[in-house]
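K.L.:
Structure incoming, see below.
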Amino acid sequence: MAMINSNRVAGLALAVIATLSWALNFIAPYVTGAYSIYDLMVIRFLVAGALGAGILVIGRVQLRSLSGHQQLLGASLGLVGYLGYSACIAAGVMFGGPVLTPAFIGMVPVLLALLSNTLSHTVAWRRLTIPLMLLTLGLVLSNISSLHAPAVNQRSWPVALVLSVSAVGLWLVFSVLNQRALKTLPDNASGVWTGLMITGAGMGAVCLIPVLLGLDLIKLATLGFSVRAAGHLYAWGLLIGVMCSCVAAWAWNAASERLPMVLSGQLIALESLFATLFGLLFQRRLPTPLEAAGMAAVLLGVVMAVRAIVTSSPEGQAKREPTRRYHPPPQASPPPPPTGRRQC
């Protein structure tokens, strides 16, 4: 029981590390300067892809323990869940402004919790009702103040809608397939699995560069590649690439091996909480009352969800069972003493 509890605590800590690292995605508008978000995205995934290739070289023995299908699936999941998801978010913000896409992304924790509990009934629905309501309320309150921000390219809202829905769908597909794949991996293969995913994302970024150049979305070609001009972009790309792609991918895979998907799905809500805190830090202001109430609701919902899942586990059920008084079994009566007579 102690081993199970420590394993679950480690999974919770790793999920917090992953969501904190992923929240760095949302600081891109504050650090790109005159360059575009796509410049930073390309640099980030090229850095991550190089690190992923290094992980595969170091762990080539573990890599050989994976089948060809597993290797292809790992690289494809990185292409879908990291590069595809990030590209849809960036394009959705570009076409639809700062409101539409974040509102859809805020639905991911709730949708993933509903989907995961439908696929594997981990906990009774009545125990998830209040946490899910708090998460939904918190995400709405945290983003309601952005409704007053002016939208960009209002005529392109159908494109932004498709991109936002695609981002949500890509992350749901990634989460379900990744959770299933982790259960079939050999021992000590989670490291190379992470390397496969971020290598796949890096290879996808290389293939995406000509498209971005053709659409004139990359400013490096015009503003310059020199360290003097783009040094800040390289530094932030390195930091975000290491944290968001490498550290977050490793921590999330390790957490997914230790936690049921219904719990990890709700822990993704912490990404919105950390992203809000990072945004407030870069804007150098305190949260508004609505933002503070939203962050408090998200945090409370996550805490209640963790408690609901833990107390629904076998060890939690054992803790809630009433203590039964021990009654020793009746002992057999001793044999009669010998009488000295021979038994016929």
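Readers should treat all values here as calculations from the given coordinates under stated rules, not as data from a laboratory. Being a predicted model, the structure only gives us computed values, none of them experimental. Every residue, glycine as well, gets a Cβ built from its backbone with ideal geometry; the counts of neighbours run over all protein chains shown.
K.L.:
If you place +1 on the Cβ of every Lys and Arg and -1 on the Cβ of every Asp and Glu, how big does the dipole about the Cα centre of region 2-314 come out, in debye to the nearest 20?
P.N.:
That gives region 2-314 a dipole magnitude of about 300 debye.
K.L.:
Once the other residues with Cβ under 13 Å from the Cβ of A230 are scored (Lys, Arg +1; Asp, Glu -1), what is the net sum?
P.N.:
+1
K.L.:
Moving on to the next point. If each residue of separation counts as 0.36 nm, what is the full-extension length gain between W125 and A221 once their alpha-carbon separation is subtracted?
P.N.:
Roughly 29.3 nm would be gained on extension.
K.L.:
Same structure again: Taking the beta-carbon count within 10 Å as an exposure proxy, list F225, F174 from fewest neighbours to most.
P.N.:
Listed from fewest to most nearby Cβ atoms, that is F225, F174.
K.L.:
Right, here's the next one. What number comes out for the charge environment of L134, summing +1 per Lys or Arg and -1 per Asp or Glu over other residues with Cβ under 14 Å away?
P.N.:
The answer is +2.
K.L.:
Let me ask something additional. Please give the peptides 63-70, 127-134, 176-183, 270-277 ranked by average Cβ packing (other Cβ atoms within 10 Å per residue), highest first, as a rough proxy for protection.
P.N.:
Per-residue mean Cβ counts within 10 Å order the peptides as 270-277, 127-134, 176-183, 63-70.
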